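First up is the structure itself, then whatever we jot down about it.
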Amino acid sequence: MVTLGTVQVLIWLNVACSNIILQSDRVTNWGNWGSWERCPTGSFATAFQLQVEQNVGDGDDTALNGIKLYCAELRSPFSWIGSMTSKVGGFGDWTATQHCGEGFINGFQFRVERPQGRGDDTAANNLKVFCTFTERTLEGRGTGWGDLGHDQRCYRNQAICAIRTQVEDYARNQGNTHL
């Protein structure tokens, strides 16, 4: 997850959300957790968007501020029946939606920048997702700061159906990281 210090997702097993939690590497621990948000019953994440603040130059960069997942039912992965976000920051624009095609999101990998000490901290910067059936990998349109963490993947025939994010609240006149 980023701080988006950390991200957690629930996955489904045998067409029902189970309590299996995938969690990104904990590189930072800034901010508070949002609530769990779930796809409608019987649906799973098939597409995503990122809310990203690009490089602001001499200002305070926040990078990845939010993640939105789009849900679809197994019988029609191209027909979204809902979307979900957990906690989001207040900076940046939503990127174009990226879709798994005929598949569903069954794993992810975060690009996270370690604490900079005296530098400008950003924490989470980008997201890469893995798709079922098609074996597609989709990389978000975030920033390139930091390093990719470990793959977090569901078991075979499973997909993501919920999300919870940790985001640092805005602090005037202080460095902000958000996700």
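The values are calculated or read from the model by the stated rules, or taken from the named source; none is laboratory data. Keep in mind that what you see is a predicted model, and the values were worked out from it rather than measured. Because the Cβ atoms are built from the backbone with ideal geometry, glycine has one as well, and the counts that use them run over all protein chains shown.
Data table
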item: Long-range neighbours under 6 Å by Cβ, at least six apart or interchain, first residue farther than 13 Å from residue 52 by Cβ within the stretch 76-98, second basic (Lys, Arg) and surrounded by 16 or more Cβ atoms within 10 Å (Cβ to Cβ); result: 83/68; 85/68; 86/164
item: Condition met for residue 162 (in a loop (DSSP other than H, G, I, E, B) and at pLDDT 80 or above); result: no
item: Tally of residues being touching a residue at least 40 places away in the same chain (Cβ under 8 Å) and either polar (S, T, N, Q) or assigned to a loop (DSSP other than H, G, I, E, B) (or both) across the stretch 126-145; result: 6
item: Strands (runs of 3 or more DSSP E) contained entirely in the stretch 1-84, each with at least 3 residues that are at pLDDT below 65; result: 4-13, 16-23
